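Below is one structure, written out as structure tokens, with a few remarks after it.
The values are calculated or read from the model by the stated rules, or taken from the named source; none is laboratory data. Only a predicted model underlies this, so the values are computations on that prediction, with no experimental measurement involved. Positions of Cβ are backbone-derived with ideal geometry, glycine not excepted, and every protein chain shown enters the neighbour counts. With ligands, DNA and RNA removed, areas are computed over all heavy atoms of the protein, side chains included. Shrake-Rupley method; radii C 1.70, N 1.55, O 1.52, S 1.80 Å.
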Amino acid sequence: MASIKDVAAAAGVSVATVSRVLNAHPSVSADARTRVLAAVEALGYRPNAVARSLRTDQTHTLGLVISDVLNPYFTELARSVEEEARALGYSVIIGNADERPDLQDHHVRNLLDRRIDGLLVSPTDGGSPLMLEAARAGTPMVFVDRWIPGVDVPVVRADGQAAIRDLVAHLCRLGHRRLAIIAGPAATTTGSERVAAFRAALGEHGLPLPDAYTGQGDFQAESGRRVTEGFLDLPEPPQVVFAADNLMALGALDAVRARGLRVPDDIALAAFDDIPWFVHTDPPVTAIAQPTGELGRAAVRALVDRIEGRTPRSVTLPARLVVRRSCGEPPAPSPLQSPSPVQRSTS
């Protein structure tokens, strides 16, 4: 029976190239793809995943537990994870935790029972005994986006502190002084980190963050709506609401419109986690964008390194501010004008 090495030799390419062709990865040239497929047909090569797993005690399957499949950020993350895993010869089983620690642990337990080779997790909180036990038992694992402090597991994440600092500076240049935040769950690293970065950035401009301007959300739209309604009921509402994720920003936008108010005329809105929808809202939403696709790909590479005996590295990538028109920004300059120094991106 022909092996993948036989196919590579017959096609005049590497084994890795054969694997990419068989997994439909787009990076292979048309010529190489044609030669590999011709060699596969001529040699009658048929990969047998079950037999391979029995021989190697590997299933070539990764588990991915994401926090909320309805959140476009995690949807894009899952897609990039699946694409990179396929390119490296792995398949992916996805579990949706729906921001619930109990459902997260349910998926982790099921994935481990399925003899996956490694696990990618965006933890819903930092206190899962099952997650801690799996890490201590040596299960190949990588945290992506969020992490559990004190657990010796590689982390692939974006650093939003500089982008939040840029956002606050941008808002101050526009004349805003009363800035509020819809925070994510304090039990998540991203929830607590974004509030701390926002508070520190305000402090750099001599601005406070009163308790009344700090609303507790849960990274889902309904909490953004509820918190924003509370802000609007204050005797002195904030001039800007910064939502610490995209779904809470959409909830905030719903709350503003339900009152018959307009963004940014009556209240400005900014968000963490840029999504394609923000370009199409009226007005387009100023947001902080994470390099989501690269985060997913880097997480898979780190996990495969761990599985295949190499030393994985934690990866931190920068987020960036995307300026649009939801905070009272001036209209985009015409093609004959030079862009404003504040305007990083327009939509």
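Being among the acidic types (Asp, Glu), open to solvent by 30 Å² or more (accessible area, probe 1.4 Å) and modelled with pLDDT under 80 is true for just one of ASP57, ASP6. Which residue is that?
Answer to the selection: ASP57.
Just the residues that are more than 19 Å from PRO149 (Cβ to Cβ) and of a type in the set (D, E, K, R), please, taken from the range 163-198.
Going through the range 163-198, the residues more than 19 Å from PRO149 (Cβ to Cβ) turn out to be 163-182, 198.
Across the range 163-198, the qualifying residues are ARG165, ASP166, ARG173, ARG177, ARG178.
Per this entry, VAL15 is not counted among residues that are more than 20 Å from GLU84 (Cβ to Cβ) and either aliphatic (A, V, I, L, M) or open to solvent by less than 70 Å² (accessible area, probe 1.4 Å) (or both). Residue count for the range 288-347, restricted to those that are polar (S, T, N, Q) and either modelled with pLDDT of 95 or more or within 13 Å of the chain's Cα centre (by Cα) (or both): 5. Here VAL28 clears all of (1) of a type in the set (Val, Ile, Thr); (2) surrounded by fewer than 15 Cβ atoms within 10 Å (Cβ to Cβ); (3) modelled with pLDDT of 70 or more except the condition numbered (2). Considering the range 241-276, the residues that are in contact (Cβ under 8 Å) with a residue 40 or more places away in the chain and assigned to a strand (DSSP E or B) include one that is nearest to the chain's Cα centre (by Cα), namely PHE272.
Here is the figure for the range 155-168: residues that are closer than 19 Å to SER122 by Cα and either touching an Asp or Glu at 6+ places or on another chain (Cβ under 7 Å) or open to solvent by less than 20 Å² (accessible area, probe 1.4 Å) (or both) total 4. Return the residues of the range 89-104 that are closer than 27 Å to LEU247 by Cβ and either in contact (Cβ under 8 Å) with a residue 40 or more places away in the chain or crowded, with 18+ Cβ neighbours inside 10 Å (or both); say none if nothing qualifies. VAL92, GLY95, ASN96, ALA97, GLU99, GLN104, listed by residue number.
Determine which member of the set GLU133, GLU193 is open to solvent by 30 Å² or more (accessible area, probe 1.4 Å), in contact (Cβ under 8 Å) with a residue 24 or more places away in the chain and not small (Gly, Ala, Ser). Spell out how you get there, then give the answer.
On the way: GLU133 fails: in contact (Cβ under 8 Å) with a residue 24 or more places away in the chain.
Going through GLU133, GLU193 in turn, the sole match is GLU193.
Counting the residues of the range 211-255 that are over 24 Å from ARG165 (Cα atoms) and hydrophobic (A, V, I, L, M, F, W, C) gives 4. Scanning the range 106-123 for residues that are within 17 Å of PHE143 (Cβ to Cβ) and at pLDDT below 90 yields a count of 1. Pairs are defined by a Cβ separation below 6 Å, a sequence spacing of at least 6 or placement on different chains, a first member in the range 24-36 that is among the small types (Gly, Ala, Ser), and a second member that is assigned to a loop (DSSP other than H, G, I, E, B); the pairs so defined are ALA32/VAL13.
The criterion of at least 1 residues that are farther than 25 Å from VAL315 by Cβ and at pLDDT 95 or above is met by the following strands (runs of 3 or more DSSP E) wholly inside the range 151-227: 179-183, 214-216.
So that you can scan it fast, the table gives a plain yes or no per residue for (1) under 21 Å from the mean Cα position of the chain (by Cα); (2) over 23 Å from GLU99 (Cα atoms):
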{"site": "LEU119", "(1), (2)": "yes, no"}
{"site": "PRO123", "(1), (2)": "yes, no"}
{"site": "PRO129", "(1), (2)": "no, no"}
{"site": "ALA135", "(1), (2)": "no, no"}
{"site": "VAL142", "(1), (2)": "yes, no"}
{"site": "GLY150", "(1), (2)": "no, no"}
{"site": "ARG157", "(1), (2)": "yes, no"}
{"site": "ALA162", "(1), (2)": "yes, yes"}
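Filter the range 215-259 down to the residues that are polar (S, T, N, Q) and open to solvent by 50 Å² or more (accessible area, probe 1.4 Å) and list them by number. Of everything in the range 215-259, those that are polar (S, T, N, Q) and open to solvent by 50 Å² or more (accessible area, probe 1.4 Å) turn out to be GLN216, GLN220, GLN239.
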